[in-house]
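The values are calculated or read from the model by the stated rules, or taken from the named source; none is laboratory data. From a predicted model like this one, the values you see are computed outputs, not experimental measurements. With ideal geometry, Cβ positions are generated from the backbone for all residues, glycine too; neighbour counts draw on all protein chains shown. Accessible surface is based on the protein model in full, side chains and every heavy atom, while ligands, DNA and RNA are left aside. Shrake-Rupley method; radii C 1.70, N 1.55, O 1.52, S 1.80 Å.
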Amino acid sequence: MKKKEVVVLEFQEFDLDGTSKAYCEAKTITAKHAIPGQVAKVYIKKLRGNKGEGRVMEVVHKSPLETEEVCAHFDVCGGCSLLPVAYEEQLELKRKALIRRFEQKGHEEFGELEIVGSPEPREYKNKMEFTFGNEEKDGPLTLGMHMTTRSNSIVFVEDCRIIDEDYRRILKLTKEHFEEEALPFYHIMRREGCLRHLVLRKGKNTGEILVNLVTTTQKEVDTSTYVQKLKSLELDGKIEGILHTHNDSFSDAVVPEKVEVLYGSPVFKDRLLGKEFRISPFSFFQTNTRGAEVLYATLRKMVEEVLIGREEETVFDLYSGTGTIGILLSDVAKHITSIEIVEEAVDMARENAVLNGVNNVRFIAGDVAKEVGKLEEKPYLIILDPPRSGIHPKAMGDILSFEAENIVYVSCNPKVFADELQTFKNAGYNIVKSMAVDQFPNTSHVEMIVLMSKER
């Protein structure tokens, strides 16, 4: 086997980074979007020692796991690499991958790990960010997702299976409207053009929809006709607001340099476990509402058990976003302090507390790494829900210095948590309970909730 060679491999193990592994000539080859059991022609991109990285060129034999219908864009979009696999089998692939990851890091406590699935394995997304571009160089305007094989190319995903029909109708209308308008899309390499993104958010339990058109200021955009078309579109839900975000930044991210409300409200509402939440266009909210209810119900049960007879104790809710966890636990714990770096999210958290009649949660806007060291209270329980990058080392030191009797870690990136876990163990914490919760069906991502208690 050599670099740039094409070889036939059978894939075996699925990993949390979205790759599967094949073994050949005492070498381990990983490839994205491969499924265990597949036999495929693989182009060897990298090879060093006994490890290599490949790209699937052609599937010779499908995996026995590939029993489900896929969308029309499956081979080019790549967003849902596990879409052909029955959902129960997806969960088992993720469960085994989690156990292997922790065992590789020396943590044997997860051998009997349970995993809970999403109530809706398809059409579950409540937020989607689509990009304007073209499929072929100098081709017509399109709107959709980046291709896996040509990241600068965009595929129109009108058959996407992880969004519902309302999303598909708005996507189609938007593409057709701006094709007629003949506005240029923003070319990120040339830094010129107008149309950038379409961001859609929907309250799955309320049906409220927020439409956000993102453009540069290089060309004036008349949005009046577009707004009227959206308002007259037949949908199962209801468009609560239409926004126009101006973004001249050089990055491909949606940067809200200026936000104009074209119609209705700049926020929408959704419900979780009987609580109502107002959500602004750029604040974090779990992208799988029904899955989030499973996640937070699992978390709530864990916290209730920890706080039996200790309800008066102080709880820290760190990396709190729009205050979802603190508000959902407000009738379980008496004193909660929440910290979040995004000021807009903290403002929404305070509004949501008032909306739900919650007055026992204190919200602090600031970086956890800076703010947590200022707190004088001694928490009995700390809840951590950090970003995918994990916990900043300074914040980790301050968190551990409280010597809280219990820590609940909600991890959206178990690979990082597997690395951090030894730090908690070194500080005297033991695993008491763990649960995997799948928030991202058909993808490689999965969340975990882990309860740790300090040795006394």
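Brief remarks follow.
- Cleavage-rule hits, GluC sites (Glu not before Pro), region 226-259, DSSP coil, Cβ neighbours within 10 Å at most 15: Glu234, Glu257
- Approximate spin-label separation Val259-Val416, in nm, with each point projected 7 Å along Cα-to-Cβ: 2.3
- Binning the alpha carbon pair distances of region 112-191 at 5 angstrom intervals from zero yields the distribution 3, 13, 22, 20, 16, 11, 6, 4, 3, 2, 1, 0, expressed in whole percent.
- Spacing of the two label points (7 Å from each Cα toward its C-beta) at Ala72 and Ser151, in nm: 2.8
- Region 1-145: Rg to Rh, with Rh as the Kirkwood radius over Cα pairs: 1.01
- Cα centroid separation - region 50-95 against region 354-432, whole Å: 35
- Here the convex hull built on the C-alpha positions of region 258-302 has a volume of 79 cubic angstrom per residue.
- Of the solvent-accessible surface of region 244-302, computed with a 1.4 Å probe and all protein chains present, 55% belongs to carbon and sulfur.
- Carbon/sulfur fraction of accessible area - region 340-391, other protein chains in place, 1.4 Å, %: 49
- With Cα atoms as the point set, the radius of gyration and Dmax of region 281-406 evaluate to 13.7, 40 Å.
- Trypsin sites (Lys or Arg not before Pro) within region 312-393: DSSP coil, no more than 15 neighbouring Cβ in 10 Å: Lys334, Arg388
- In this rough spin-label picture, where each label sits 7 Å from Cα along the Cβ direction, the Lys46-Ser389 distance is 2.1 nm.
- Ratio of Rg to Rh over region 177-224 (Cα coordinates, Kirkwood Rh, two decimals): 1.09
- Note: the chain, Cα convex hull, 156 Å³ per residue.
- P(r) of region 87-140 over all Cα-Cα pairs, binned every 5 Å from zero, in whole percent: 4, 15, 15, 12, 10, 11, 11, 9, 7, 4, 2
- When Lys3, Lys62 are compared by accessible area at a 1.4 angstrom probe, the order from most to least is Lys62, Lys3.
- Secondary-structure-derived ellipticity at 222 nm for the chain, considering helices only, amounts to -7500 deg cm²/dmol, per-run term -39500 (n - 2.57) for DSSP H runs with n ≥ 4.
- Taking the alpha carbon gyration tensor of region 64-181, multiplying each eigenvalue by 5 and rooting it gives semi-axes of 35, 16, 13 Å, largest first.
- Annotation: per residue accessible area for region 229-297 equals 44 Å², rounded to a whole number [probe 1.4 Å, protein chains only].
- Share of carbon and sulfur in the accessible area of region 49-196 stands at 46%, probe radius 1.4 Å.
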